[in-house]
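Down below is the structure, laid out as structure tokens.
The values are calculated or read from the model by the stated rules, or taken from the named source; none is laboratory data. Quick caveat, the model's predicted, so the values are computed rather than measured. Heads up, the Cβs are rebuilt from the backbone with ideal geometry, glycines too, and the neighbour counts pull from every protein chain shown. Side chains included, ligands, DNA and RNA excluded: accessible areas come from the protein's heavy atoms. Shrake-Rupley method; radii C 1.70, N 1.55, O 1.52, S 1.80 Å.
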Amino acid sequence: MRLYGREQFTKEDIFALSTEPYVHRDFRDHLFDIYDEVSRALHVPARAVMLTGSAFTGKSFVEGRPFAVGESDLDLAVIDRDLFRELLLCSARATKYFRDQTSFLPHSSRPASEVYKSFRSYAFNRGIVRPDLMPDCDARNNILSVSSDLSNKYITIFSKISISVYGDEEYFIAKIKNPGAA
């Protein structure tokens, strides 16, 4: 039993967690292989790896376009408290506990200071660690390497594969219930 937070999920929450993702229809075997590779590489249970984004719903929330084989990306959510904590610790250590932000790298034409703000907002406000926003550290580089290897392996199906790590299921449910939130 949890001491803090929700002790049970609503029927809507359970439906959101148990709904079959859109791309399972055509790529079930590939997805199970991807889940297995992520599970092994990140040392998390395979059940901790889930789909999100257009591969899950069949439609992009940003552009409104339907999922397109070879053009759409695959967003993976890893829901694991221990990995989430490990990534936060790696980030804290790389930045001298967030006092030195020089380890944050510019990203998509945004300066490092903006990347730090985005990292902080995702991690501490939404319970999500996006490795592309993390400071330069081994854990970040490992996850980005796994994403890159999977992207190259499955390029004919997905334009790229990205991995985000969620602190627990409640954060994941909050994200999928409000998909437009960055």
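Quick notes
- Given (1) open to solvent by 90 Å² or more (accessible area, probe 1.4 Å); (2) under 12 Å from R130 (Cα atoms); (3) not in a helix (DSSP H, G or I), index of the condition R99 fails: (2)
- Selection of segment 133-175 for residues being in a helix (DSSP H, G or I), in contact with a strand residue (DSSP E or B) (Cβ under 6 Å, 6 or more places away or on another chain) and either open to solvent by 70 Å² or more (accessible area, probe 1.4 Å) or not small (G, A, S) (or both) yields I143, L150, E169, F172.
- Taken together, the criteria place S72 among residues that are closer than 28 Å to A139 by Cα, open to solvent by less than 30 Å² (accessible area, probe 1.4 Å), of a type outside the set (D, E) and at pLDDT 65 or above.
- For S121, the stated conditions do not hold, so it cannot be described as open to solvent by 50 Å² or more (accessible area, probe 1.4 Å) and part of a helix (DSSP H, G or I).
- Residue identified as at pLDDT 90 or above, among the small types (G, A, S) and either under 14 Å from I163 (Cα atoms) or within 18 Å of the chain's Cα centre (by Cα) (or both) among S54, S39, S60, S103: S39
- The one condition in (1) among the aliphatic types (A, V, I, L, M); (2) free of Cβ contacts under 8 Å to residues at least 40 places away in the same chain; (3) under 29 Å from H30 (Cβ atoms) that I163 fails to fulfil: (2)
- Residue list for segment 93-131, filter: touching a helix residue (DSSP H, G or I) at 6+ places or on another chain (Cβ under 7 Å) and closer than 26 Å to E169 by Cβ: S118, F119, Y122, A123, R126, G127, I128, V129, R130, P131
- Scanning segment 79-94 for residues that are farther than 19 Å from P135 by Cα and either at pLDDT below 95 or not charged (D, E, K, R) (or both) yields one hit, I79.
- On the stretch given as segment 36-46, residues that are without any contact (Cβ under 8 Å) to a residue 40 or more places away in the chain, in contact with a helix residue (DSSP H, G or I) (Cβ under 8 Å, 6 or more places away or on another chain) and part of a helix (DSSP H, G or I) total 3.
- Residue in segment 102-122 that is touching a Pro at 6+ places or on another chain (Cβ under 6 Å) and not aromatic (F, W, Y) present: yes
- Number of the exception - L89 against (1) out of contact with any helix residue (DSSP H, G or I) (no Cβ under 8 Å at 6 or more places or on another chain); (2) among the aliphatic types (A, V, I, L, M); (3) touching a residue at least 24 places away in the same chain (Cβ under 8 Å): (3)
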